[in-house]
Amino acid sequence: MCRNIRVLHNFEPPATSDEVQAAALQYVRKVGGSTKPSAVNQAAFDKAVAAVAAATQELLDALVTTAPPKDREVEAAKAKARSAERYGR
């Protein structure tokens, strides 16, 4: 999985459209093999980002869980601690 794509499900407040868009952009960049497509490929790239964002939002809207919502700040602190342990910082 692309390291820049974060879990978006089960947060309070729910994932924003900007977060969904950013995840879609990262996914399409990874699959497409470039961070900035050439001018000739820009339309296809943009269409793919829009389609992935729509599918992602549809998925998030349909998912059901009984687990309590996660807190973004707590999850960010956990990720930072894991990173510090992994990289010895």
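The values are calculated or read from the model by the stated rules, or taken from the named source; none is laboratory data. Computed from a predicted structure; not experimentally measured. Note that each Cβ is placed from the backbone with ideal geometry, even for glycine, and that neighbours are counted across all protein chains shown. Accessible surface is based on the protein model in full, side chains and every heavy atom, while ligands, DNA and RNA are left aside. Shrake-Rupley method; radii C 1.70, N 1.55, O 1.52, S 1.80 Å.
Find the residue count for segment 33-89, including only residues that are among the polar types (S, T, N, Q) and touching a helix residue (DSSP H, G or I) at 6+ places or on another chain (Cβ under 7 Å).
3
Do the conditions hold for Gln42, that is, is it polar (S, T, N, Q), over 11 Å from the mean Cα position of the chain (by Cα), over 15 Å from Ala76 (Cα atoms) and in a helix (DSSP H, G or I)?
It is true that Gln42 is polar (S, T, N, Q), over 11 Å from the mean Cα position of the chain (by Cα), over 15 Å from Ala76 (Cα atoms) and in a helix (DSSP H, G or I).
Looking at the structure I just gave you, is Ala79 in a helix (DSSP H, G or I) and open to solvent by less than 60 Å² (accessible area, probe 1.4 Å)?
On the way: in a helix (DSSP H, G or I): yes; open to solvent by less than 60 Å² (accessible area, probe 1.4 Å): yes.
The answer is yes for Ala79.
To keep it simple, each residue is scored yes or no on (1) polar (S, T, N, Q); (2) exposed (fewer than 13 other Cβ atoms within 10 Å of the Cβ).
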| site | (1), (2) |
| --- | --- |
| Ile5 | no, no |
| Phe11 | no, no |
| Ser17 | yes, yes |
| Ala24 | no, no |
| Gly33 | no, yes |
| Ala48 | no, no |
| Asp71 | no, yes |
| Ser83 | yes, yes |
| Gly88 | no, yes |
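Which numbered condition in (1) open to solvent by less than 60 Å² (accessible area, probe 1.4 Å); (2) within 14 Å of Pro14 (Cβ to Cβ) is the only one that Ala53 fails?
If we test Ala53 against (1) open to solvent by less than 60 Å² (accessible area, probe 1.4 Å); (2) within 14 Å of Pro14 (Cβ to Cβ), just (2) comes out false.
Listed here are the residues, each with its yes/no results for (1) part of a helix (DSSP H, G or I); (2) β-branched (Val, Ile, Thr); (3) in contact (Cβ under 8 Å) with a residue 40 or more places away in the chain.
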| residue | (1), (2), (3) |
| --- | --- |
| Leu8 | no, no, yes |
| Pro13 | no, no, no |
| Lys36 | no, no, no |
| Val52 | yes, yes, no |
| Thr56 | yes, yes, yes |
| Ala67 | no, no, yes |
| Arg86 | yes, no, no |
